[in-house]
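Since the structure comes first, as structure tokens, the remarks are kept for the end.
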Amino acid sequence: MAFKLVVANKRYSSWSMRPWLCLKVANVPFQEELVFLGQADTDARLRAFSPSGRVPALVELLEDGETSTVWESLAVCETIAERFPQACLWPRMLQARAHARSVAHEMHAGFNALRQSLPMNLGARHGSFPPVRSGDALQSSGETWPGLAAQGVEDDIARVLALWREARLNFGERAEGDDAGPFLYGRFSVADAMFAPVATRFRTYGVALDTRPLAYVRAVLNCPAFLEWEDQALAETERLEKYERF
């Protein structure tokens with residue numbers, strides 16, 4: 001099996017991050033095709049791989065020389081979980097898996113206010129947020145992000161936190177053995193990949209969190225796969241004004 005994952009700027013592309021994390025956590029070798037947004041050839045390069053002209057897209061080279069392409073972040077994550085069941089990217093327990101699928105799809109389909117008003121930017125900091133990594137100082141810009149007051153954002157944040165608490169209380173904190181861990185359902189799952197960009201947004205915009213959600217954000221942002229993505233994102237020199245103008 002040979003896979004190519006088409007992604008955009010790691011600094012900004014929340015959709016790209018999700019399946020990339022799944023592939024890394026599942027230890028699946030893959031080639032990366034990085035297409036920077038906002039360039040003269042961006043659309044043509046994306047459409048060479050993705051029917052929608054958007055990222056991400058997972059291209060698999062088949063044994064007969066043909067290719068199979070999956071696009072849309074959740075569809076790509078589902079495909080990775082299906083092709084590599086040993087990675088357990090969905091919880092093994094039926095009730096946990098049903099909950100994980102539901103929250104992953106809710107994230108994929110909703111939270112528009114949060115997406116629009118709190119765009120992902122791994123290089124930015126607004127407001128203040130407690131240390132995430134060992135040795136970090138308090139991260140603060142001394143300013144309050146105005147998007148936090150936009151219509152619908154507070155409700156979106158409250159819903160995200162409610163989902164996180166439900167998952168941790170009912171499943172994650174009860175997981176045992178190989179299924180145990182600090183993520184929503186214990187070990188890392190597709191649901192965590194879907195919410196990872198939200199964890200970065202809460203840090204970027206200084207969203208106030210109580211103990212359980214903060215512990216979850218720290219778990220996501222200290223995940224080795226995420227740290228690898230973030231290091232590469234911070235090394236990028238390309239900037240998009242619509243995300244940086246704030």
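The values are calculated or read from the model by the stated rules, or taken from the named source; none is laboratory data. On a predicted model such as this, the values are computed, not experimentally measured, just so you know. Here Cβ is always computed from backbone atoms with ideal geometry, including for glycine, and neighbour counts include all displayed protein chains. Just the protein is used for accessible areas: all its heavy atoms, side chains included, with ligands, DNA and RNA removed. Shrake-Rupley method; radii C 1.70, N 1.55, O 1.52, S 1.80 Å.
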Report task. Please specify each residue of the range 173-194 satisfying the condition of being in contact with a Lys or Arg (Cβ under 9 Å, 6 or more places away or on another chain), open to solvent by less than 40 Å² (accessible area, probe 1.4 Å) and within 24 Å of PHE129 (Cβ to Cβ). Result -> GLY181, PHE183, LEU184, ALA191, ALA193, MET194
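Only one of SER50, SER128 is in contact with a strand residue (DSSP E or B) (Cβ under 6 Å, 6 or more places away or on another chain) and open to solvent by less than 40 Å² (accessible area, probe 1.4 Å). Can you tell me which?
Details: SER128 fails: open to solvent by less than 40 Å² (accessible area, probe 1.4 Å).
Exactly one residue qualifies, and that residue is SER50.
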Query - Residue satisfying condition, being farther than 23 Å from ALA235 by Cα, within 16 Å of the chain's Cα centre (by Cα) and buried (at least 16 other Cβ atoms within 10 Å of the Cβ), within set ALA75, ALA81 - result: ALA81
Requested in this report: Kindly indicate whether any position in the range 139-159 is of a type in the set (Ser, Thr, Tyr) and crowded, with 23+ Cβ neighbours inside 10 Å.
Outcome: no
Query raised in the report: Is there a residue being closer than 26 Å to PHE84 by Cα and surrounded by 14 or more Cβ atoms within 10 Å (Cβ to Cβ) anywhere in the range 199-215?
Result: yes
Report task. Please verify whether the range 116-134 includes one or more residues that are within 19 Å of VAL217 (Cα to Cα), under 20 Å from the mean Cα position of the chain (by Cα), at pLDDT below 95 and among the β-branched types (Val, Ile, Thr). Result -> yes
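Say whether the condition of being touching a Pro at 6+ places or on another chain (Cβ under 6 Å) and closer than 23 Å to TYR12 by Cα is met by at least one residue in the range 207-223.
Yes, the range 207-223 contains at least one residue that is touching a Pro at 6+ places or on another chain (Cβ under 6 Å) and closer than 23 Å to TYR12 by Cα.
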Report summary line: Checked pairs for the range 65-78, first touching a residue at least 24 places away in the same chain (Cβ under 8 Å) and within 14 Å of VAL7 (Cβ to Cβ), second aliphatic (A, V, I, L, M) and not in a helix (DSSP H, G or I), C-beta under 7 Å and 6 or more apart or across chains, list as VAL76/LEU58; VAL76/VAL70
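If we only count helices (runs of 4 or more DSSP H) wholly inside the range 125-225, which ones have 3 or more residues that are among the small types (Gly, Ala, Ser)?
Values: elements: 153-170, 190-204, 211-221.
Qualifying helices (runs of 4 or more DSSP H): 153-170, 190-204.
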